[in-house]
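I have placed the structure first, in the form of structure tokens, so that the comments after it can refer back to it.
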Amino acid sequence: MANLSDTQSLILSRASRRSGNLALPLPDGLHGAAARTVIGKMIARGWLEEVEANLRRGEPLWRETGDGHGTTLIATVAGLEAIGIEPVVASAVAGVREAKAEPDAQLPTARAGTKQAQIIALLQRPEGATVAEIVEATGWQAHTVRGAISGTMKKRLGLAIEVEKVVGRGSVYRMALAVG
């Protein structure tokens, strides 16, 4: 884990639970020059990124650009990894910005080595994974695996998961990650 201040850790952990990994609003009491200093260091380290704010979705503004637009701050994959979110999960969670999500929805995070992280890794393989393969990897029952895919992966994390019938394998699940 990276050497983070308490404030930086708080900003990144909150961002990891917000739709689109939004880093705003900042913690209470952090504003003005102090906020610009902390955020500037986090951007320089690659933990946060300044992107155009989607005002239609009500994303909070970090700064106005002067042309009727503004920017907001999002946690990057490197930022999520800095607080201990496994790289596979970090890239999946970071890809949620591209998904259709409500601006105030809270995103859960997964710790490294969890069964959720194992499932995401299996779904990211080019060949995908069947329920039987996930059952073998996790030790869960088939109905629990199907519930995790439809409930946790699709609904809570907003991941795009495709299902395809493959002769000889049955239903194969694959995750389509956002490129970027």
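The values are calculated or read from the model by the stated rules, or taken from the named source; none is laboratory data. From a predicted model like this one, the values you see are computed outputs, not experimental measurements. Counting neighbours? That spans all protein chains shown, and the Cβs are built from the backbone with ideal geometry, glycine included.
Structure data summary
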| item | result |
| --- | --- |
| Qualifying residue in segment 105-115 (condition: out of contact with any strand residue (DSSP E or B) (no Cβ under 6 Å at 6 or more places or on another chain), surrounded by fewer than 12 Cβ atoms within 10 Å (Cβ to Cβ) and at pLDDT 75 or above) | no |
| Complete set of residues in segment 42-57 that are out of contact with any Ser or Thr (no Cβ under 9 Å at 6 or more places or on another chain) and either among the aliphatic types (A, V, I, L, M) or farther than 18 Å from S16 by Cα (or both) | M42, I43, A44, L55, R56 |
| Counted residues, segment 14-42 - those being of a type in the set (G, A, S), in contact with a strand residue (DSSP E or B) (Cβ under 9 Å, 6 or more places away or on another chain) and over 17 Å from L61 (Cβ atoms) | 1 |
| Candidate set from segment 148-165 (those that are of a type in the set (V, I, T) and within 12 Å of I120 (Cα to Cα)); member that is modelled with the lowest pLDDT | T152 |
| Single residue of segment 29-78 satisfying the filter (of a type in the set (G, A, S) and touching an Asp or Glu at 6+ places or on another chain (Cβ under 6 Å)) that is farthest from S9 (Cα to Cα) | G70 |
